[in-house]
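K.L.:
The structure follows.
The values are calculated or read from the model by the stated rules, or taken from the named source; none is laboratory data. Everything quoted here is computed from the prediction, not taken from an experiment. Quick reminder, even Gly has a Cβ in these numbers, built from the backbone with ideal geometry, and neighbours come from all protein chains shown.
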Amino acid sequence: MGGINATIRRLNELIERNPENAEFLIQRGYAWQDAKDFGRAMADFERAVAIDPFCVNALAASANLRYKEGDYDGSIHDSSRAIGIEPDNVMALCTRAASYLQKGEPERALEGFEHVLKLTPGQRGALHWRGVAKDALGDVEGAQRDFALSTALKPPLMPD
């Protein structure tokens, strides 16, 4: 964790000199996330959004962390805001679709993963999760095809 601590120290210095720089806050938020300090990570992402309400990177990062913490409604809210600003933001689209899936809304999840795959065909994670959505909707054959395709792709283009 020495590398993460050094990164955080350097970002602290940059933020002290540039307190309104949303990108430095986002980068420190990712560093906090790597250090497993999710509260500080979220605080930095939220501060970045407060500085720049149209910062898609901060909104997508916040949505992704909310998803990881099981706050699916918050994740959908933040990712929807990001998509409203940048409709083809793959990270926000994937996060929102995954959140819908976790909330038991496979139709909405399927729609989101389909959109991601139109933008980035062959994305392993989106194929896998589209398969999960198809399976939840009773399309077992479609799910098996997606699982087979996602398994055949290496390396993964999206974390599982």
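K.L.:
Could you check THR151 against (1) at pLDDT below 95; (2) under 28 Å from VAL56 (Cα atoms); (3) of a type in the set (S, T, N, Q) and say which number it fails?
P.N.:
In the conditions (1) at pLDDT below 95; (2) under 28 Å from VAL56 (Cα atoms); (3) of a type in the set (S, T, N, Q), THR151 misses (2) alone.
To keep it simple, each residue is scored yes or no on (1) β-branched (Val, Ile, Thr); (2) assigned by TED's automatic domain parsing to the domain that holds ASP73; (3) over 24 Å from GLY74 (Cβ atoms); (4) assigned to a helix (DSSP H, G or I).
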| position | (1), (2), (3), (4) |
| --- | --- |
| PRO87 | no, yes, no, no |
| LEU93 | no, yes, no, yes |
| ARG96 | no, yes, no, yes |
| LEU101 | no, yes, no, yes |
| ALA109 | no, yes, no, yes |
| GLY112 | no, yes, no, yes |
| LYS118 | no, yes, yes, yes |
| LYS134 | no, yes, yes, yes |
| ARG145 | no, yes, yes, yes |
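K.L.:
Further question: Restricting the search to region 30-50, which residues are of a type outside the set (Lys, Arg), surrounded by 15 or more Cβ atoms within 10 Å (Cβ to Cβ) and farther than 13 Å from ASN64 by Cα?
P.N.:
Passing the criteria: ALA31, TRP32, ALA35, ASP37, ALA43, ASP44, ALA48, VAL49.
K.L.:
Could you please let me know if ASP139 is charged (D, E, K, R), surrounded by fewer than 20 Cβ atoms within 10 Å (Cβ to Cβ) and over 24 Å from LEU59 (Cα atoms)?
P.N.:
Details: charged (D, E, K, R): yes; surrounded by fewer than 20 Cβ atoms within 10 Å (Cβ to Cβ): yes; over 24 Å from LEU59 (Cα atoms): yes.
When the stated conditions are applied, ASP139 passes them.
K.L.:
Mind listing whichever residues of region 31-79 are within 12 Å of the chain's Cα centre (by Cα) and of a type in the set (Phe, Trp, Tyr)?
P.N.:
Once the filter is applied, which keeps residues that are within 12 Å of the chain's Cα centre (by Cα) and of a type in the set (Phe, Trp, Tyr), region 31-79 yields TYR67, TYR72.
K.L.:
A further question on this structure: It is to be established whether one or more residues within region 53-67 are of a type in the set (A, V, I, L, M, F, W, C), surrounded by fewer than 22 Cβ atoms within 10 Å (Cβ to Cβ) and in a helix (DSSP H, G or I).
P.N.:
yes
K.L.:
Mind checking which residues of region 98-114 are surrounded by fewer than 24 Cβ atoms within 10 Å (Cβ to Cβ) and in contact with a Leu (Cβ under 6 Å, 6 or more places away or on another chain)? Walk me through how you get there before you give the answer.
P.N.:
In the first step, residues of region 98-114 are kept if they are surrounded by fewer than 24 Cβ atoms within 10 Å (Cβ to Cβ); the result is 100-108, 110-111, 114.
Correct list: PRO106 only.
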